[in-house]
Amino acid sequence: MEVESVLVTGANRGIGLEFVKQLVNLPNPPRFVFATYRDESTTEALKEIRDACKDTQVVLAKMDITKQNEIEIARKVFEEKLGDKGLSLLINNAGAAKMQGFPDITEENMLQHFSTNTVGPVSVVKEMLPLLQKAAAQKSGGMNASRAAVLNISAMGGSITQLTDAQPKIFLKAMGYRVSKAALNMAMRIISITIKDQGILIVSMCPGWVKTDMGSDRAALTVEESVSAMLKTLSQLNEEHHGTFMDRNGVIAEF
């Protein structure tokens with residue numbers, strides 16, 4: 001997979017940070033990696049990567065995906081750097097999770113998850129669409145990550161069909177998170193059908209249960225293992241995968 005430019009949201013820690021690390025170390029790394037964050041005090045690791053890079057220009061940008069004005073400001077920064085070449089790959093990674101189940105679930109919890117995990121990613125795709133369209137126009141043929149693509153980091157927790165009585169009851173405590181990820185999957189399915197003729201590949205992917213602040217130390221996968229698998233899978237996708245929801249290894253999942 002060879003991509004000219006990549007935007008990673010929520011890049012200051014966890015899966016997002018690991019995406020930046022692995023992208024800049026590809027055999028043919030991107031010319032630009034745009035790494036977004038919410039809090040300047042959390043960007044030390046990103047700055048170290050930026051300062052050590054020789055082949056990739058790592059651009060740090062403050063962008064809270066729940067704030068439209070910050071998304072617009074960031075898009076202008078990216079556009080100035082990219083010019084007519086546009087944005088090759090958007091990795092919609094930023095998200096939030098706070099355990100709270102029914103009947104204790106609050107309106108605040110539900111709305112916070114929906115704002116961050118559903119509305120935010122949709123807003124980012126909407127704002128970056130002209131840049132993705134520019135990138136897609138540079139190449140002809142089918143869909144692939146090297147032309148133009150959006151990778152949404154979702155979760156199997158958002159699959160309605162996979163939630164059964166057999167699952168541990170503790171998973172029900174992530175109600176707001178699961179509902180928002182189900183909504184994300186549907187939103188991206190709608191977007192994929194709407195822009196299917198524009199050459200921009202849209203996929204949603206579950207990274208697995210990963211050892212991050214969100215996933216905890218009990219998780220089965222390291223961030224290195226998860227991101228490595230996702231990048232390998234992404235490099236193999238084409239128009240047949242457009243609009244699908246899959247695991248990190250490319251196995252199509254049910255919504």
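The values are calculated or read from the model by the stated rules, or taken from the named source; none is laboratory data. On a predicted model such as this, the values are computed, not experimentally measured, just so you know. FYI the Cβ positions are ideal-geometry reconstructions off the backbone, even for glycines, and counts take in every protein chain you see. Ligands, DNA and RNA are excluded from the accessible area calculation, which covers all protein heavy atoms including side chains. Shrake-Rupley method; radii C 1.70, N 1.55, O 1.52, S 1.80 Å.
Count charges around Lys173 for me, please; just the other residues with Cβ under 15 Å from its Cβ, Lys/Arg as +1, Asp/Glu as -1. Don't jump to the answer; show the numbers that get you there.
Working: positive: Lys98, Lys169, Arg178, Lys181, Arg218; negative: Asp104.
Residues near Lys173 contribute +4 overall.
To one decimal place, what Kirkwood hydrodynamic radius in Å is obtained for the range 5-130 from all pairs of distinct Cα atoms? Kindly include the intermediate steps, with their values, before the conclusion.
Numbers: mean 1/r = 0.0658 Å⁻¹.
The answer is 15.2 Å.
What list of ³J(HN,Hα) couplings, whole Hz, do you get for the range 186-202 from phi and the Karplus terms 6.51, -1.76, 1.60, once you set θ to phi - 60° and write x for glycine and proline?
5, 4, 6, 5, 4, 4, 4, 6, 5, 10, 4, 9, 9, x, 10, 6, 10
Among Gly141, Gly86, Gly158, which one moves the most in a GNM of the chain with springs linking Cα atoms closer than 10 Å?
Looking only at Gly141, Gly86, Gly158, the biggest GNM fluctuation is shown by Gly141.
Please name whichever of Gln138, Val124, Gly86 sits farthest to the positive end of the charge dipole of the range 83-146, dipole taken about the Cα centre and charges placed at Cβ: Lys and Arg +1, Asp and Glu -1.
Gln138
Quick query: amide H of Asn152 versus all other amide H atoms, modeled in the peptide plane; which residues come in under 5 Å with a sequence gap of 5 or more or a different chain?
Residues meeting the criterion, in which the H sits 1.01 Å from N, are Asn92, Val203, Ser204, Met205.
What percentages, rounded to whole numbers, describe P(r) for the range 143-252 computed over all alpha carbon pairs with 5 Å bin width beginning at zero?
In whole percents, the pair-distance histogram is 2, 12, 21, 22, 20, 13, 7, 3, 0.
Any idea how far the Cα center of the range 155-227 sits from the one of the range 78-114, in Å?
Using only Cα atoms to place each centre, the spacing works out to 12 Å.
So with the 1.4 Å probe, I'd like the accessible area per residue for the chain, rounded to whole Å².
On the way: 12440 Å² over 255 residues.
Value for the chain: 49 Å² per residue.
Helix 14-24 versus the longest principal axis of the chain: what angle, 0 to 90°, nearest 10, using Cα atoms?
Here the helix axis deviates by roughly 20 degrees.
Can you give the calculated 222 nm mean residue ellipticity of the chain, where each DSSP H run of n ≥ 4 adds -39,500 (n - 2.57) and the sum is split over every residue, rounded to the nearest 500 deg cm²/dmol? Working shown, then result.
Details: 7 runs with 93 residues, N = 255.
Calculated mean residue ellipticity at 222 nm is -11500 deg cm²/dmol.
Quick check: the angle from helix 120-137's long axis to the longest principal axis of the chain, C-alpha only, nearest 10 degrees?
30
Could you state the angle between the C-alpha long axis of helix 223-234 and the longest principal axis of the C-alpha atoms of the chain, as a value from 0 to 90 degrees rounded to the nearest 10?
It is inclined by approximately 60 degrees.
Please identify, among Ile202, Ile15, Ile193, the residue showing maximal mean-square fluctuation in a Gaussian network model of the chain using a 10 angstrom Cα cutoff.
Looking only at Ile202, Ile15, Ile193, the largest GNM fluctuation is found for Ile193.
Using Cα pairs under 8 angstrom and six or more residues apart, how large is the relative contact order of the range 5-247, in percent? Before the final figure, lay out each step's value.
Details: 455 pairs, mean separation 47.9, N = 243.
It rounds to 20 percent for the range 5-247.
Please report the projected area of the chain's Cα convex hull averaged over all directions, in nm².
13.1
Can you list the HN-Hα couplings for the range 245-255, worked out from phi with the Karplus curve (6.51, -1.76, 1.60; θ = phi - 60°), rounded to whole Hz and with x for Gly and Pro?
With the stated coefficients, the range 245-255 comes to 10, 9, 8, 5, 9, x, 7, 5, 10, 7, 6 Hz.
How long are the semi-axes of the ellipsoid equivalent to the range 79-170, from square roots of 5 times the Cα gyration tensor eigenvalues, in whole Å, largest first?
Numbers: eigenvalues 248, 55, 13 Å².
Over the Cα atoms of the range 79-170, the ellipsoid semi-axes are 35, 17, 8 Å.
Taking only the C-alpha atoms, wrap a convex hull around the range 7-79 and report its volume per residue in Å³ as a whole number. Intermediate results must be reported in sequence, preceding the final value.
Numbers: hull volume 5.5 nm³, N = 73.
Hull volume over Cα atoms, normalised by residue count, gives 75 Å³.
Restricting to DSSP loop positions (anything but H, G, I, E, B) with no more than 11 other Cβ atoms inside 10 Å of their own Cβ, which GluC sites (Glu not before Pro) remain in the range 81-173? Display every interim value, and only then the final one.
Details: sites: Glu107, Glu108, Glu127; in loops: none.
Hits after loop and neighbour filter: nothing returned.
Residue by residue through the range 82-89, what is 3J(HN,Hα) from phi via Karplus (6.51 cos²θ - 1.76 cosθ + 1.60, θ = phi - 60°)? Round to whole Hz and write x for glycine and proline.
Once rounded to whole Hz, the list reads 7, x, 7, 6, x, 9, 6, 9.
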